[in-house]
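**Student:** Sending over a structure as structure tokens; questions will come in a sec.
The values are calculated or read from the model by the stated rules, or taken from the named source; none is laboratory data. These numbers were taken from a predicted model, which means no experiment stands behind them. Please note: Cβ atoms are built from the backbone with ideal geometry, for glycine as well, and neighbour counts cover all protein chains shown. Accessible surface areas use protein heavy atoms only, side chains included; no ligands, DNA or RNA. Shrake-Rupley method; radii C 1.70, N 1.55, O 1.52, S 1.80 Å.
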Amino acid sequence: MCQLCYARTSTTMQRRGFLALVGAAAATPALAQVDVGPPSRVRGLVPADEIEAAASQQYSQMMAQARQQGALAPESHPQLQRLRHVASRLIPHSLRWNDRARSWRWEVNLIGSKQINAFCMPGGKIAVFTGILEQLQLTDDEAAMVIGHEIAHAVREHARARIAKEQGTGALLSLGAQLFGLGQLGDVAASIGTQLLTLRFSREDEIEADLIGLEMGARAAYVPQAAVALWEKMGRASGGNQGPAFLSTHPTGPDRLARLRENIPRVSGLYQQAVASRR
């Protein structure tokens, strides 16, 4: 593990600054340029609040463990500040895909690890591993496509839908104690929190996340072609049968790059408008 050896600092104002940027109102939503269809209806079988509470608990435990190991980047770390800036530009554009995301307590943290990995848990809990930044030498545009892809999974509530499918149509968490044979609902939440970290998304979920992440990136003035460059780098990093940890929960396919290239023209106008508005 490539651990971070920076002294802990108390920089509450920096965190508040990130949250303030995230909380800024987005422009009036326009119609989506990529076609991903409606979200899965099966997600309604699992209460969103319970999933998000479980994710928040698991995320907090992970960050606490990383801090104890000296692997959690301090608030002042330049790479963390870079990631939070990227996320602050993307998040307002995620609201068109899920209005509930307005109330999420978004977090972005950086973990020192050689793993090529990143994730966004339900409720907007984002973590990026230093391995994906360093080993792939990500540009800001490519980092935006990683974060946008992960945010897309969260706002489309793919984890909520997958858990509902895996637990069956009667798997309401409010009845979790009986359903799972556990005495406390908290135990159910803990089990689901652990499951969120190893969840494998379907091919359809991956396509949605690719395309929504691409559009969010374009709306935030990040170069759309960076999505192709990112997955080309990811493919080279796989180096055979054992690929990066990121790919273990984000299966790729031969048509991934083709789909991205097909949709880049659809979001190019959004990118040009976004760039012009930032001048």
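**Student:** Tally up the residues in region 128-161 that are assigned to a strand (DSSP E or B) and within 8 Å of the chain's Cα centre (by Cα), please. Steps first, please.
**Tutor:** We begin by selecting, within region 128-161, every residue assigned to a strand (DSSP E or B); these are 128-129.
Among the residues that remain, those that are also within 8 Å of the chain's Cα centre (by Cα) are: none.
Looking only at that region, the number is 0.
**Student:** Within region 210-229, which residues are charged (D, E, K, R), over 14 Å from the mean Cα position of the chain (by Cα) and open to solvent by 10 Å² or more (accessible area, probe 1.4 Å)?
**Tutor:** Within region 210-229, R219 is the sole residue that qualifies.
**Student:** Please identify the pairs in which a residue from region 65-76 that is charged (D, E, K, R) has its Cβ atom under 8 Å from the Cβ atom of a residue that is modelled with pLDDT under 95 and surrounded by 15 or more Cβ atoms within 10 Å (Cβ to Cβ), counting only partners at least 6 apart or on another chain.
**Tutor:** E75/Q14
**Student:** Then there's this: Might you check whether a residue that is modelled with pLDDT of 70 or more and open to solvent by less than 60 Å² (accessible area, probe 1.4 Å) occurs anywhere in region 168-189?
**Tutor:** no
**Student:** Just need a number here: residues in region 55-75 that are assigned to a loop (DSSP other than H, G, I, E, B), out of contact with any helix residue (DSSP H, G or I) (no Cβ under 7 Å at 6 or more places or on another chain) and open to solvent by 10 Å² or more (accessible area, probe 1.4 Å).
**Tutor:** Selection size over region 55-75: 3.
**Student:** Among (1) at pLDDT 50 or above; (2) over 27 Å from A55 (Cα atoms), which single condition is D210 missing?
**Tutor:** The single condition D210 does not satisfy is (2).
**Student:** I would also like to ask the following. Among the numbered conditions (1) in a strand (DSSP E or B); (2) modelled with pLDDT under 75, tell me where L197 comes up short.
**Tutor:** Evaluating L197 over (1) in a strand (DSSP E or B); (2) modelled with pLDDT under 75 leaves (1) as the failure.
**Student:** Taking the options R102, R160, name whichever one is surrounded by 24 or more Cβ atoms within 10 Å (Cβ to Cβ), in contact with a helix residue (DSSP H, G or I) (Cβ under 9 Å, 6 or more places away or on another chain) and more than 24 Å from M234 (Cα to Cα).
**Tutor:** R160
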